[in-house]
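Visitor: I'd like to ask you about the structure that follows.
All of the numbers you see were taken from the coordinates with simple rules; none came from a lab. A quick note: this is a predicted structure, and the numbers were derived from the prediction, not measured. Note that we place each Cβ from the backbone using ideal geometry, even for glycine, and neighbour counts take in every protein chain shown.
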Amino acid sequence: MMRLLVLTLLVAVLLFGCASPQAPPKNEGAMEKNDSTVDPKDGAMMGKEVVIEITAKQFEFSPSTITVKKGDKVKLKITSQDVTHGFSLPDFGVSANLQPGVTTEAVFTADKTGEFQFRCSVFCGTGHSTMAGKLVVTE
């Protein structure tokens with residue numbers, strides 16, 4: 001009888017412990033800080049504050065695709081792992097110089113929808129020209 005009870009408990013733990021996993025986040029390293037708010041000036045809805053951690057290394061950004069919603073206040077926390085890099089997102093006026101091992105913050109509001117390219121703006125070696133990523137801003 002004891003063996004049957006232990007076996008039943010083991011099966012229950014396996015079944016409930018292996019329930020369907022949670023959906024992965026949109027952006028690796030992204031954290032939404034608060035809910036949408038109302039702009040006190042005109043009463044329009046404003047987006048969430050979204051914090052996204054990005055790693056730069058020869059010759060890639062990780063994550064290379066970032067998705068946010070129109071109106072979100074986006075805070076990028078970008079860290080170079082190896083050499084000096086740059087981060088340029090010209091459609092939102094973002095430009096940053098990234099020193100190795102130092103986290104640099106860039107903040108902007110995603111005020112238009114579409115796909116926008118970001119790239120390394122400091123020559124960092126032979127693969128520099130391919131070091132790019134994409135910001136996707138949805139409604």
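Visitor: Explain nothing, just the number: dipole magnitude of the range 48-139 about its Cα centre with +1 on each Lys and Arg Cβ and -1 on each Asp and Glu Cβ, in debye rounded to the nearest 20. Mind dumping the intermediate values first?
Guide: Details: 10 positive and 10 negative charges, 17 e Å.
Dipole about the Cα centre, nearest 20: 80 debye.
Visitor: Quickly rank 110-120, 77-87 as a protection proxy: mean count of other C-beta atoms within 10 Å, highest first.
Guide: Numbers: 110-120: 16.3, 77-87: 19.0.
Per-residue mean Cβ counts within 10 Å order the peptides as 77-87, 110-120.
Visitor: So, in nm, how far is label residue 95 from label residue 65 when the simple model puts each one 7 Å beyond its Cα toward the Cβ?
Guide: 2.9
Visitor: Counting DSSP beta bridges in the range 48-139, what percent are antiparallel, to the nearest 5? Could the numbers behind the result be given before it?
Guide: Working: 22 of 36 bridges.
If I count the DSSP bridges inside the range 48-139, around 60 percent turn out antiparallel.
Visitor: How much net charge surrounds residue 70 when only other residues with a Cβ under 9 Å from its Cβ are counted (Lys, Arg +1; Asp, Glu -1)? Present the calculation step by step, with values, prior to reporting the outcome.
Guide: Numbers: positive: 69, 112; negative: 72, 111, 139.
Spelling it out: positives minus negatives among the neighbours equals -1.
Visitor: Another question, if that's okay. Please report, in whole Å³, the volume per residue of the convex hull around the C-alpha atoms of the range 83-139.
Guide: 78
Visitor: Continuing with the same structure: Sticking with the crude label model, points 7 Å out along Cα→Cβ, report the distance from residue 111 to residue 129 in nm, one decimal please.
Guide: 3.5
Visitor: Check residue 118: other-chain or 5+ apart residues with amide H under 5 Å from its amide H, H built from backbone geometry?
Guide: 133, 134, 135
Visitor: Each residue of the range 62-73 in order: what ³J(HN,Hα) in whole Hz does its phi give by Karplus 6.51 cos²θ - 1.76 cosθ + 1.60, θ = phi - 60°, with x for Gly and Pro?
Guide: 9, x, 8, 10, 10, 10, 9, 9, 4, x, 5, 8
Visitor: Still on this model: Considering only the other residues whose Cβ falls under 14 Å of the Cβ of residue 91, what net charge follows from Lys and Arg at +1 and Asp and Glu at -1? Show your work: numbers first, answer last.
Guide: On the way: positive: 70, 112, 119, 134; negative: 111, 115.
Once all neighbours under 14 Å are counted, the net charge is +2.
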